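Data block below; observations after.
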Amino acid sequence: MASEKKKRRSISTFAILLAVMLLVSAATWLTSGQSYTDGETGETVAVAGASLSDIVMAPINGWHDAGDVIGFVFCLGAFLSILTATGALETGIHVLVKKLKGKEMVLIWILMFLFSIGGTTYGMGEETVGFYILLAATMMAAGFDPMVGAATVLLGAGTGVIGSTVNPFATGAAVAAAVDSGVTVNMTIVYVEAGILWIGTYIIAALFVTKYAKGIQSGKGSILTSEQIAECRAAYGGATEIDDSVKLTGRQKVVLVLFALSFLIMILGFIPWGSLHEGIYNALSPTSFLTGSGLGDWWFDDAATWFLLMGVIIGVIGLEDRSKLVSCVIAGFADMIGVNLVIALARATTVIMSTTGMGTWLVEASVTALSSSGLPAPIFGFLDYVLHVGLSFLVPSSSGLATLSAPIVSPIVAGMGWSVETSIMINVAANGFVNLFTPTCGFIMGGLALARVPWETWVKWAGKLLAIIVVLVAVVLTAAMMLLS
């Protein structure tokens, strides 16, 4: 039985995404003819069943729709390929693991918190892709398994997104949509609720990951099969085998400083400084000389340019044979083809819902039905959360869901004298929760594929934690709706 389990093949990520796309396409046929309001024109239009051309073209259209993210991932791949070729990353992992011997659990807590800061401030998601293989290799070198590394990234950033404070793509979009519909929003309440959700889910997730990591240290084994572990070791290279004699050279130290600086600047570029402090935003405006956008106004094209540039600089400094620089760039692009195909296919489902109008109709019909039900505030808050969890499977984009839902929910909630701020956080937290595991989220599928962690294994491993988080968030938001209404 044990050998049969080890030989069992996982379901292909592409098969999962293709099945989801086909199921959504079939759902458009069932909802064809249902009317909804076009958000741009204000006209009443009907859902159109997906045609054969819509389905066949969806993966290609998904590639175009996710073009900025795909370009970013390609350039990130080139950056990591050059970095790996310098040997600084592998040596740095060895040195780090030696220094943290016996303190690995502290490292998990610290890294998860840093990722959660990225999540709560600017919705760190696609930007995490490059960290999956790095953290997976580091955690294997520390005596754990790739799941610990993948979880550190995904749950760290994900818990921050659940409690988004100034995240412009989630909280910012929902607040803007509510204000545009004539509703006043008390941002202090939003920040307090977001902070509670952020810290609460982060602590629970970190405890869950460290408990699993301790289990591996004590010999309980990994959820991954021996075959999968072997595949991971082959993919990660020598970074998982610790050599106690290795030391960083001066050149490698410079390379690692540039590596850290690259990600630090990226984070500074995505944080919405204009929403936080006008003075800081104005002070950073001169940084637009590089990409045309100052720090705080970056998008994926800016980040892609930055990583490609830093990759070249690292190559010039760190490669002994600089003639290998171009081949490293090409190899890095090649490494990311599979990841980008996953991202494109995941986006294909979103494209079909957008093209047919089913996503907009579903959100509008569901929210309107719930809002007009005449339920007490706490019951409404709980059911609104359940509704948005369901809607987030079909509309994984935080800004997309906020733009569709908030203009409908916020005026009704305000008219009933209930907490608009809580309804906004219901939208944000529900979407953030679903994006911890939904297969329609490109960066999750891409990151897990890069770390060689099967999606279905991730869902099985994280199942209990996800159940705890969904209940915790429901209790907090239901209580908030009751106390503030």
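The values are calculated or read from the model by the stated rules, or taken from the named source; none is laboratory data. These numbers come from a predicted model, not from an experiment. Every residue, glycine as well, gets a Cβ built from its backbone with ideal geometry; the counts of neighbours run over all protein chains shown. SASA here: full protein model, heavy atoms, side chains in, ligands and nucleic acids out. Shrake-Rupley method; radii C 1.70, N 1.55, O 1.52, S 1.80 Å.
Every listed requirement among (1) open to solvent by less than 10 Å² (accessible area, probe 1.4 Å); (2) closer than 30 Å to ALA230 by Cβ; (3) touching a Ser or Thr at 6+ places or on another chain (Cβ under 9 Å); (4) at pLDDT below 90 is met by VAL97 save one, (1). Note on the range 143-172: residues that are touching a Ser or Thr at 6+ places or on another chain (Cβ under 8 Å) and open to solvent by 20 Å² or more (accessible area, probe 1.4 Å) total 6.
Right, VAL329: out of contact with any Phe, Trp or Tyr (no Cβ under 6 Å at 6 or more places or on another chain), of a type in the set (Val, Ile, Thr) and open to solvent by less than 30 Å² (accessible area, probe 1.4 Å) or not? It would help to see each step written out before you state the result.
On the way: out of contact with any Phe, Trp or Tyr (no Cβ under 6 Å at 6 or more places or on another chain): yes; of a type in the set (Val, Ile, Thr): yes; open to solvent by less than 30 Å² (accessible area, probe 1.4 Å): no.
Judged against the criteria, VAL329 is not a match.
Annotation note: of THR128, THR138, the sole residue that is within 16 Å of LEU264 (Cα to Cα), part of a helix (DSSP H, G or I), in contact with a Gly (Cβ under 9 Å, 6 or more places away or on another chain) and of a type in the set (S, T, N, Q) is THR128.
Residue under question is SER262, and the condition is that it be surrounded by 17 or more Cβ atoms within 10 Å (Cβ to Cβ) and under 30 Å from GLY102 (Cα atoms); does it hold? Yes; evaluated as a whole, the condition is true for this residue.
Per-residue answers, yes or no, for (1) at negative phi; (2) open to solvent by 10 Å² or more (accessible area, probe 1.4 Å):
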| site | (1), (2) |
| --- | --- |
| ALA430 | yes, no |
| GLY442 | yes, yes |
| ARG452 | no, yes |
| GLU456 | yes, yes |
| LYS460 | yes, yes |
| ALA467 | yes, yes |
| VAL473 | yes, no |
| THR478 | yes, yes |
| LEU484 | yes, yes |
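For the range 323-333, the criterion of a residue being under 30 Å from TYR385 (Cα atoms) and under 27 Å from the mean Cα position of the chain (by Cα) is satisfied by no position. Taking residues in the range 101-127 that are closer than 12 Å to ALA213 by Cβ, and partners anywhere that are among the charged types (D, E, K, R), not one pair has Cβ atoms closer than 6 Å while being at least 6 places apart or on different chains. Among the residues making up the range 88-108, a single one is in contact with a helix residue (DSSP H, G or I) (Cβ under 6 Å, 6 or more places away or on another chain) and charged (D, E, K, R): GLU90.
Checked against (1) of a type in the set (Ser, Thr, Tyr); (2) more than 27 Å from ASP297 (Cα to Cα); (3) touching a Leu at 6+ places or on another chain (Cβ under 9 Å), SER164 meets all criteria but (2). For the range 310-336, which positions are under 30 Å from ALA19 (Cβ atoms) and at pLDDT 90 or above? Listed by number, the residues that qualify are PHE333, ALA334.
Listed conditions (1) without any contact (Cβ under 8 Å) to a residue 60 or more places away in the chain; (2) buried (at least 24 other Cβ atoms within 10 Å of the Cβ) are all met by SER398, apart from (1). A single entry from MET140, MET105 fulfils the requirement of being under 26 Å from VAL246 (Cα atoms), in contact with a Ser or Thr (Cβ under 6 Å, 6 or more places away or on another chain) and open to solvent by 30 Å² or more (accessible area, probe 1.4 Å): MET105.
Restricting to the range 350-361, name every residue that is over 17 Å from the mean Cα position of the chain (by Cα), hydroxyl-bearing (Ser, Thr, Tyr) and surrounded by 24 or more Cβ atoms within 10 Å (Cβ to Cβ). Can you show your working first?
Step one: of the range 350-361, the residues over 17 Å from the mean Cα position of the chain (by Cα) are 351-361.
Going one step further and asking which of them are hydroxyl-bearing (Ser, Thr, Tyr), we end up with 354-356, 360.
Listed by number, the list holds a single entry, THR356.
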